[in-house]
Amino acid sequence: MSNLEVSSSLLAGSALIRNEPVQARSTARLAALLDAAAAVIDVIGYERLTTAMVAERAGASIGTVYRYFPDRIAVLQALAARNSERLVARLADEVVPERHATPSAAMHGVLSVVAELFRREPGYPSIRVGDVIDLRPASTSETGNAAIASLITDAFIGRYGVRDSAELRGAVATAYELIDAFVARAFARNRDGDKALLAEAGRVLDAVIEGKL
C-alpha cells in the first residue's frame, strides 16, 4: 500500500482487545463479534449497544465477548479501527493515477469511496473511524479524520508528485472533514444517500481544493 498505509493512531482502539487472536479460529471469532456489533449498531445506533446484545447477535456467550473486550467502549473502538482499515484499503486502490488523472479528481474518488462505505458497510454511518466516540482524555493527539487526510496527502505527494506544504495538508484536511460531514448528513435519513446533498458535496469540494492540489 506504499503511500497509503494505516497509521498506528487509527488502530489505537485495537490495543484494548484483551486477547489478540493468534489462531484462525480466534480471528474468526473476533470478526464474528465485530460483525454482530456492527449489525446491532446498524439497527439501534451505537449509544444503546451493550455487550449482551453483541453476544446474543453473535450467538456467543457473554464470557466470549469479555474474553476479547473489557467493555462496550472497547467493542466500539475495535469496530472503528476495523472501519479505518477498510476505508484505507479502499482508498489505497482509489487514489492512484491509473484511476484518476489528477489529485482533484482523486478527491472526488475519496468522496465516492466514503459514500459507498456509508451505503454498504454495516455500522459505518454511526461509528465511521471513531471520532464520534467522545472519550476524555483523548488517547491520541490526532483525530481519525486527520489521520485519514494525512494518508491521502501522502498519496498525492508519492503518487502524483505534488509538493508537500502546509497549504496542501490544510486543504486536504478541510476537504476530508467536508466529505465526512456532507456524507453523514446525506445518509442520516436516507439509506441510499440524499443525491442532492452528495452532489452539493462535490461542488463544495471543488471550491475547497481549487488551485491547492
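Numbers below:
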| item | result |
| --- | --- |
| All positions within the range 183-192 that are touching a residue at least 24 places away in the same chain (Cβ under 8 Å) and either farther than 25 Å from T143 by Cα or over 18 Å from the mean Cα position of the chain (by Cα) (or both) | R191, D192 |
| A89 under 16 Å from the mean Cα position of the chain (by Cα) and either over 20 Å from F187 (Cα atoms) or modelled with pLDDT of 95 or more (or both) | yes |
| Residues of the range 44-83 classified as free of Cβ contacts under 8 Å to residues at least 60 places away in the same chain, closer than 26 Å to E116 by Cα and surrounded by fewer than 14 Cβ atoms within 10 Å (Cβ to Cβ), total | 3 |
| Any pair with Cβ under 8 angstrom, 6 or more apart, that starts in the range 130-147 at a residue that is of a type in the set (S, T, Y) and ends at one that is in a loop (DSSP other than H, G, I, E, B) | T143/D131 |
| Condition check for R203: modelled with pLDDT of 95 or more, surrounded by fewer than 13 Cβ atoms within 10 Å (Cβ to Cβ) and out of contact with any His (no Cβ under 7 Å at 6 or more places or on another chain) | yes |
| Residue that is nearest to E85 (Cα to Cα), among those in the range 160-182 that are over 22 Å from the mean Cα position of the chain (by Cα) and in a helix (DSSP H, G or I) | Y160 |
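The values are calculated or read from the model by the stated rules, or taken from the named source; none is laboratory data. Just so you know, these numbers come straight off a predicted model, no measurement behind them. Glycine gets a Cβ as well: all are built from the backbone with ideal geometry, and neighbour counts include every protein chain shown.
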